[in-house]
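Data first, discussion second: the structure below is written as structure tokens.
The values are calculated or read from the model by the stated rules, or taken from the named source; none is laboratory data. The structure displayed is predicted, hence computed values, not measured ones. Here the Cβ positions follow ideal geometry from the backbone for every residue, glycine too, while neighbour counts run over all protein chains shown. The area values use the complete protein model at the heavy-atom level, side chains included, leaving out ligands, DNA and RNA. Shrake-Rupley method; radii C 1.70, N 1.55, O 1.52, S 1.80 Å.
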Amino acid sequence: MAHVTFSPPYTPPSQVVAQLRDRGYAVLQPRDTATWVGCALNDLQALAADWSDLPPDDYLKDGGRYRRRRHSCFIVEGPAVNQAPHRAHWQPVEYNALHGGLQRWFAPMCDETVARPVWRQLMQAAAGLSQAMCGQPSQPCYIEAHQFRIDTEGGIGRPTPEGAHRDGVDLVAVFLVSRQGIKGGETRIFEATGPNGQRFTLSEPWSVMLLDDARMIHETTPIQPTEDGGWRDTLVVTCRGGGFQGDASQ
């Protein structure tokens, strides 16, 4: 049986803030992602090689071995982008019923990745969009960045084993870095307090889904191999005002 996919509802870069405020989400195609970040698309594509050596995620409570990842945190204040001291990733159970409440210490992103000029541009773009969406342009932005590889060595891989969820932040950005030899991986988003939703498949490298996390619930369906060694790579960036989740003051 043919595998049916739905095309993403792309938004022009000039309409992203309005779309987020009006509908709670926006999706950019690759060339528009580069325009938004303020870089050449080739600079983003050059990051993809940094997904080739991600360590296993040892915290999966479903017993799976299909996820690899790295995690680092950044603080953007004005033009300054500073990497925070390495810290655990933490979410309350209200936002992650499967892994909430755990101090999850993932390997940090490689120095070579975060030293690239395009990485600084990407952090500034995400922070600026989050601040504009929230109407707080002068507030420091606390960013968590996650490199993910979901593989199909065990026959199936689950990008969101916790199911449909929110992340407890202001803005969520999910960049498709690459996908190879798989089917599935459909993105599904729903209004947190309403009936509307969307379903589509990110298939073009460096297309990105942007979400107002307070308004939207999201998930990605499992992937299955269409050839040996299939995988899906993503970069997930979350932005939050007031501090990182898990800070004593939060």
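Here's the yes/no breakdown for (1) part of a loop (DSSP other than H, G, I, E, B); (2) on the phi > 0 side of the Ramachandran plot; (3) among the β-branched types (V, I, T); (4) touching a strand residue (DSSP E or B) at 6+ places or on another chain (Cβ under 8 Å):
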site	(1), (2), (3), (4)
H86	yes, no, no, yes
L102	yes, no, no, no
E112	no, no, no, no
I143	no, no, yes, yes
I150	no, no, yes, yes
D167	yes, no, no, yes
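Quick one: which residue in D22, D58 is open to solvent by 50 Å² or more (accessible area, probe 1.4 Å), within 30 Å of T226 (Cβ to Cβ) and not in a strand (DSSP E or B)?
The match here is D58.
Tell me which residues, restricted to region 6-19, are surrounded by 15 or more Cβ atoms within 10 Å (Cβ to Cβ) and part of a loop (DSSP other than H, G, I, E, B). P8, T11 - these are the residues of region 6-19 that are surrounded by 15 or more Cβ atoms within 10 Å (Cβ to Cβ) and part of a loop (DSSP other than H, G, I, E, B).
Against the test of being modelled with pLDDT under 95 and of a type in the set (F, W, Y), the options Y25, Y66, Y10 yield a single qualifying residue, Y66.
Of the residues making up region 25-39, those that are open to solvent by 30 Å² or more (accessible area, probe 1.4 Å) and either in contact with a helix residue (DSSP H, G or I) (Cβ under 6 Å, 6 or more places away or on another chain) or not in a loop (DSSP other than H, G, I, E, B) (or both) number 4. Scanning region 69-83 for residues that are more than 19 Å from the chain's Cα centre (by Cα) and at pLDDT 95 or above, we see that the one that is most open to solvent (accessible area, probe 1.4 Å) is E77. Scanning region 172-190 for residues that are in a strand (DSSP E or B) and touching a Phe, Trp or Tyr at 6+ places or on another chain (Cβ under 9 Å) gives F175, L176, V177, S178, R179, Q180, I182, T187, R188, I189. Restricted to region 191-214, and to residues there that are surrounded by 18 or more Cβ atoms within 10 Å (Cβ to Cβ) and part of a strand (DSSP E or B), the residue that is farthest from the chain's Cα centre (by Cα) is Q198.
Go through region 162-190 and give me each residue that's closer than 23 Å to E227 by Cβ and crowded, with 19+ Cβ neighbours inside 10 Å.
L176, V177, R179, I182, G184, G185, E186, T187
Q245 meets the conditions (1) under 23 Å from E94 (Cβ atoms); (2) polar (S, T, N, Q); (3) in a strand (DSSP E or B) in every case but one. The failed one is (3).
Looking at E162, E144, E112, E186, can you tell me which residue is within 18 Å of C73 (Cβ to Cβ), within 18 Å of the chain's Cα centre (by Cα) and charged (D, E, K, R)? Going through E162, E144, E112, E186 in turn, just one is within 18 Å of C73 (Cβ to Cβ), within 18 Å of the chain's Cα centre (by Cα) and charged (D, E, K, R): E144.
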